[in-house]
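Below: the structure, in structure tokens.
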Amino acid sequence: NAGVTQTPKFRILKIGQSMTLQCTQDMNHNYMYWYRQDPGMGLKLIYYSVGAGITDKGEVPNGYNVSRSTTEDFPLRLELAAPSQTSVYFCASSPNPGQIAGYSNQPQHFGDGTRLSIL
Amino acid sequence: KNEVEQSPQNLTAQEGEFITINCSYSVGISALHWLQQHPGGGIVSLFMLSSGKKKHGRLIATINIQEKHSSLHITASHPRDSAVYICAVSSTGNQFYFGTGTSLTVIP
């Protein structure tokens, strides 16, 4: 199994450009997440999805959009890149939650990350 | 103030030493996670626990719900254990919070 696959691994953008970070998982997980990791900071949740057709904002959603048309794919879109969006982006997935509603309390499987620089 | 605090931020140990990394949190949780981030950036889930203690090989994770505290122990540390160890909690308020990580270097 490939697990969680993110592409690209590295990208440099100019201010104002747009791009889509791709994330796909082959584990049939319902829950998927996008995080950003800034130097010296903990991971911050951007958006998450509890299943195909359902997405919701995390802690830092501004400047980003997501879609979840299939169980496997959860792309993250930057419409107008800004220097503040320079970061490392991680996609993750997890199986269905237990009895607790909302966020999955199951272990998350992470992609290898996308290092994005905006100049 | 962060919802999840880890200590120490940086830790250097000699090979073979017993290592402890601490995590305190301030929210009600449904589960606590310990993650390992390798120098290349990949993140791996080590443990998920909501009570008691779990053990995988040389790694042991404990949690005290009353004290809102967890520890990750590494016995007989090895240079390949060098990584950043991240504590994260999934809260009862449907949020997921991460600590800033503990950078561990094990010297041969």
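The values are calculated or read from the model by the stated rules, or taken from the named source; none is laboratory data. All values derive from a computational prediction rather than experimental measurement. In this analysis, Cβ positions are derived from the backbone assuming ideal geometry, glycine residues included, and neighbour counts consider all displayed protein chains.
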**Among the candidates B:91, B:77, B:70, residue that is over 11 Å from residue B:19 (Cα atoms), surrounded by 17 or more Cβ atoms within 10 Å (Cβ to Cβ) and more than 14 Å from chain A (Cβ to nearest Cβ)** = B:70
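Looking only at region B:94-104, which residues are at the interface with chain A (Cβ under 8 Å from one of its Cβ atoms) and either surrounded by fewer than 16 Cβ atoms within 10 Å (Cβ to Cβ) or not hydrophobic (A, V, I, L, M, F, W, C) (or both)? First the steps, then the outcome.
Going through region B:94-104, the residues at the interface with chain A (Cβ under 8 Å from one of its Cβ atoms) turn out to be B:94-101.
Across region B:94-104, the qualifying residues are B:94, B:95, B:97, B:99, B:100, B:101.
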**Complete:** Residue hits (region A:1-18; out of contact with any Ser or Thr (no Cβ under 6 Å at 6 or more places or on another chain) and surrounded by 16 or more Cβ atoms within 10 Å (Cβ to Cβ)) are A:11, A:13
**Prompt:** How many residues are part of a loop (DSSP other than H, G, I, E, B) and either modelled with pLDDT under 90 or buried (at least 18 other Cβ atoms within 10 Å of the Cβ) (or both) when one looks only at region A:31-42?
**Reply:** 4
**Fill in**
From the option list A:45, A:21, single residue qualifying as touching a residue at least 60 places away in the same chain (Cβ under 8 Å), of a type in the set (A, V, I, L, M, F, W, C) and part of a strand (DSSP E or B) is A:21
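Please determine, by comparing only the residues of region A:66-84 that are closer than 15 Å to residue A:33 by Cβ and free of Cβ contacts under 8 Å to residues at least 40 places away in the same chain, which one is surrounded by the most Cβ atoms within 10 Å (Cβ to Cβ). So that I can check it myself, show each step before the final result.
Of region A:66-84, the ones closer than 15 Å to residue A:33 by Cβ are A:66-68, A:71-76.
Then keep just the ones that are free of Cβ contacts under 8 Å to residues at least 40 places away in the same chain; that gives A:66-68.
Numbers: A:66: 23, A:67: 16, A:68: 20.
Going through the qualifying residues, I end up with A:66.
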